[in-house]
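A.B. asks: Below: one structure in structure tokens.
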Amino acid sequence: MKTYLVGGAVRDQLLGREVRERDHVVVGASEQEMVKRGFTRVGHAFPVFLHPETGEEHALARKESKVAPGHTGFEFDASKGVDLVTDLKRRDLTVNAMAKDEDGKIIDPYGGRIDLERRVLRHVSDAFVEDPLRVLRVARFSAELRDFGFSVADDTLALMREIADAGELDHLPSERVFGELARVLETRWLDVFLSVLDRTGCLAPWFVECQQFTSADYAKLGTWQRDLPSGVARFAVLGALLGEDACQALVTRLGQPKQHSRAVSLVARHAQTVRRWRADDAESICDALVAFANLKPALVRDEMLQVIARVAEIDQAVLNARTQALGALRLSAQSKPTQGREYGRLLRAARIELVKTWFG
């Protein structure tokens, strides 16, 4: 039984990048032997185990055969006879198909180290086309490794187009698609992720609304979201570009968490109104800023206002102050009506008058 560190951990160590996950491959062991050693099985489709002390994932070396469409349409052989080179061959990219043994030696049968030095994302084998999730993974790695200057090899881009043309992306579950997007949103390069999908005809069916984007739109997306504080804020920039209807369709399809979907939808609905910032839009501006003033929790509200300020090119402090002023405005005791609905109407009218003063 031999254990190897594999995949992204090896890649990131060689890049000098922080290692976030440590995955291992075990060669020459059976499931029963792993259990006897105190490992806990967690994999369903194939044998994956958690180390009894570190909790790190250890998978038995395996080979796979495509038997049905989609990301899960595989049969696996994890018998003791499967060697490390065979296991590494089933991986997506050469830079992810390296291993490190317990003595620190790098095992690199598919040229991952050369591609790492050349900053190229290249598929390991033509079996790349058998798993449609790899399309999103390549686009995600393009974003995650953008600061290191990586680009996708032309022949890998061609295989991504082949996957799209075959309709394989239709078979992905929404939670896996959103999982890849969520990791992209942790980076500063959402525009890179989407543009790679765009170049390969892979925006449909999951990001079909983004097919309307021009090079200018990608430039805006990149500029606006680059240093925002959270993934939700970066996604909200995308909503500002798409508009309310398209954003809602995208949010619904991806299964965006409910606690974030309202905030993103507000940005999509009101961004252009605030961006125009015209006196004859006073009513719409009032309704927009009041909606943000009422957004909970406060952290999300503040982040969405930061997005609006960025998109509308308005001073952040000014926008915050005006939003707070509208939210805090109340009618005086003397003018307060007895009917609740009438109070709401008069309060809105007073807020609109306040907005008009901002235009002189």
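The values are calculated or read from the model by the stated rules, or taken from the named source; none is laboratory data. The model shown is predicted, which means the values in this text are computed figures rather than measured ones. A quick note on method: Cβ atoms are made from the backbone with ideal geometry, for glycine too, and the neighbour counts reach across all protein chains shown. We work out accessible area using only protein heavy atoms, side chains counted, and drop any ligands, DNA or RNA first. Shrake-Rupley method; radii C 1.70, N 1.55, O 1.52, S 1.80 Å.
A.B. asks: Being under 15 Å from Trp358 (Cβ atoms), at pLDDT below 95 and of a type in the set (A, V, I, L, M) is true for just one of Ala263, Ala279, Ala288. Which residue is that?
C.D. replies: Of Ala263, Ala279, Ala288, the one residue that is under 15 Å from Trp358 (Cβ atoms), at pLDDT below 95 and of a type in the set (A, V, I, L, M) is Ala279.
A.B. asks: Something else now. Where in segment 1-105 are there strands (runs of 3 or more DSSP E), lying fully within it, with 2 or more residues that are in contact (Cβ under 8 Å) with a residue 40 or more places away in the chain and aliphatic (A, V, I, L, M)?
C.D. replies: In segment 1-105, 2-6, 23-27 are the strands (runs of 3 or more DSSP E) which contain 2 or more residues that are in contact (Cβ under 8 Å) with a residue 40 or more places away in the chain and aliphatic (A, V, I, L, M).
A.B. asks: Taking the residues in segment 108-126 that are free of Cβ contacts under 8 Å to residues at least 60 places away in the same chain and outside any loop (DSSP other than H, G, I, E, B) as candidates, determine which candidate is most open to solvent (accessible area, probe 1.4 Å).
C.D. replies: Arg118
A.B. asks: Among (1) surrounded by fewer than 17 Cβ atoms within 10 Å (Cβ to Cβ); (2) of a type in the set (Lys, Arg); (3) touching a helix residue (DSSP H, G or I) at 6+ places or on another chain (Cβ under 6 Å), there is one condition Arg269 misses while meeting the rest; what is its number?
C.D. replies: (1)
A.B. asks: While we're here: For segment 198-212, give me each residue that is assigned to a loop (DSSP other than H, G, I, E, B), in contact with a Lys or Arg (Cβ under 9 Å, 6 or more places away or on another chain) and either polar (S, T, N, Q) or surrounded by fewer than 21 Cβ atoms within 10 Å (Cβ to Cβ) (or both).
C.D. replies: Thr200, Gly201, Pro205
A.B. asks: Out of curiosity, is Val19 buried (at least 19 other Cβ atoms within 10 Å of the Cβ) and under 26 Å from the mean Cα position of the chain (by Cα)?
C.D. replies: It is false that Val19 is buried (at least 19 other Cβ atoms within 10 Å of the Cβ) and under 26 Å from the mean Cα position of the chain (by Cα).
A.B. asks: Considering each residue of segment 304-315, count those that are open to solvent by 60 Å² or more (accessible area, probe 1.4 Å) and assigned to a helix (DSSP H, G or I), and give that number.
C.D. replies: Of the residues in segment 304-315, 1 are open to solvent by 60 Å² or more (accessible area, probe 1.4 Å) and assigned to a helix (DSSP H, G or I).
A.B. asks: Can you find a residue in segment 324-347 that is under 30 Å from Glu209 (Cβ atoms), at pLDDT 95 or above and either touching a helix residue (DSSP H, G or I) at 6+ places or on another chain (Cβ under 9 Å) or surrounded by 13 or more Cβ atoms within 10 Å (Cβ to Cβ) (or both)?
C.D. replies: No, there is no match, as no residue in segment 324-347 is under 30 Å from Glu209 (Cβ atoms), at pLDDT 95 or above and either touching a helix residue (DSSP H, G or I) at 6+ places or on another chain (Cβ under 9 Å) or surrounded by 13 or more Cβ atoms within 10 Å (Cβ to Cβ) (or both).
A.B. asks: Still on this model: Mind listing whichever residues of segment 215-268 are free of Cβ contacts under 8 Å to residues at least 24 places away in the same chain and either of a type in the set (Val, Ile, Thr) or not in a helix (DSSP H, G or I) (or both)?
C.D. replies: Within segment 215-268, Thr223, Val251, Thr252, Pro257 qualify.
A.B. asks: Before we move on, is Thr252 under 30 Å from Arg176 (Cα atoms), at pLDDT below 95, among the polar types (S, T, N, Q) and surrounded by fewer than 18 Cβ atoms within 10 Å (Cβ to Cβ)?
C.D. replies: Answer is yes for this residue.
A.B. asks: Please work out if Glu75 is over 17 Å from Ala9 (Cβ atoms) and open to solvent by 40 Å² or more (accessible area, probe 1.4 Å).
C.D. replies: Criteria met by Glu75.
A.B. asks: Considering (1) closer than 29 Å to Val85 by Cβ; (2) open to solvent by 40 Å² or more (accessible area, probe 1.4 Å); (3) in contact (Cβ under 8 Å) with a residue 24 or more places away in the chain, say which one Asp170 fails and leave the rest.
C.D. replies: (1)
A.B. asks: Only one of (1) surrounded by 14 or more Cβ atoms within 10 Å (Cβ to Cβ); (2) under 25 Å from the mean Cα position of the chain (by Cα); (3) hydrophobic (A, V, I, L, M, F, W, C) fails for Phe39. Which number is that?
C.D. replies: It is condition (2) that Phe39 fails.
A.B. asks: Just to be sure I understand, how many residues within segment 92-111 are at positive phi and touching a helix residue (DSSP H, G or I) at 6+ places or on another chain (Cβ under 6 Å)?
C.D. replies: Qualifying residue count for the region: 1.
A.B. asks: Residue by residue through segment 22-34, note down the ones that are open to solvent by 70 Å² or more (accessible area, probe 1.4 Å) and out of contact with any strand residue (DSSP E or B) (no Cβ under 7 Å at 6 or more places or on another chain).
C.D. replies: Matches in segment 22-34: Gln32 only.
A.B. asks: Output the residues belonging to segment 329-360 that are touching a residue at least 12 places away in the same chain (Cβ under 8 Å), assigned to a helix (DSSP H, G or I) and not charged (D, E, K, R).
C.D. replies: Tyr343, Leu346, Leu347, Ala350, Ile352, Leu354, Val355
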